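Visitor: This is the structure, below, for whatever I ask next.
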Amino acid sequence: MEVKPEIFAKNMEVSDRVEEYITKKAVKLGKFLSDIEDTRIDVAYIKSARSATDRYVAQITIRGKGYILRTEERADDLFSAFDTSLDKMLRQIERFKGKRSRGRSEKLSVPDEAEAAEHEEKETGPVIVRRKRFDLVPMSEQEAMDQMQLLGHEEFFIFYNADSSAINVLYKRNDGNYGLIETDIA
């Protein structure tokens, strides 16, 4: 089933040519995953990027029945950023399908991971430069470990623990194992 992607732009206008290019390539994702409900493409121009090769950002988010997959890439032009993000998404879909077909987890769900913001030191000190909101999907600790690996997140993963009914933070330890921070409201 073909799902037309929603395209959102920040600090730039999306021309008809760019929209056609992105749409044409993004609808092909339906060939790899049949149960896609929503595809969102976010593109942005960052004038104050530290490097000219990081001025354009393309983020692809796919929502389906019981899962969310997301990739983000930066490049010196929008087409390169989008193509690289799309390639990364295709690899992520293959890993996801492999995990599903092996039966490790019947239902995988991946909330958008809150990424660590890059702090630029100013005279007043660090400031929040990026803010993200995402829905927490209930999952087990094992599912959270699987999702952390699937997304390629190396440091931490926030999730709603279905077993304890609490928000937990899963993190990778230096010895290669995982740690779990269990929260409680005081």
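The values are calculated or read from the model by the stated rules, or taken from the named source; none is laboratory data. Note that the structure is a prediction, hence the values are computed from the model and not measured. We place every Cβ from the backbone using ideal geometry, glycine too, and count neighbours over all the protein chains shown.
Visitor: Going by what's in this entry, would E37 be described as of a type in the set (D, E, K, R) and in contact (Cβ under 8 Å) with a residue 12 or more places away in the chain?
Guide: Yes; evaluated as a whole, the condition is true for this residue.
Visitor: Take region 20-54 and flag every residue that is among the charged types (D, E, K, R) and in contact with a strand residue (DSSP E or B) (Cβ under 6 Å, 6 or more places away or on another chain).
Guide: D35, E37, D38, R40, D42, D54, listed by residue number.
Visitor: Next question. Tally time: how many residues in region 150-186 are free of Cβ contacts under 8 Å to residues at least 40 places away in the same chain and not in a strand (DSSP E or B)?
Guide: Residues flagged as free of Cβ contacts under 8 Å to residues at least 40 places away in the same chain and not in a strand (DSSP E or B) within region 150-186 amount to 15.
Visitor: May I ask you to list the residues in region 8-31 that are touching a residue at least 24 places away in the same chain (Cβ under 8 Å), loosely packed, with under 15 Cβ neighbours inside 10 Å and under 19 Å from the mean Cα position of the chain (by Cα)?
Guide: Hits for region 8-31 are F8, K10.
Visitor: Here's a check for you: in region 134-149, which residue that is outside any strand (DSSP E or B), more than 13 Å from L180 (Cβ to Cβ) and of a type outside the set (D, E) is modelled with the lowest pLDDT?
Guide: So, considering only residues that are outside any strand (DSSP E or B), more than 13 Å from L180 (Cβ to Cβ) and of a type outside the set (D, E), the one modelled with the lowest pLDDT is F134.
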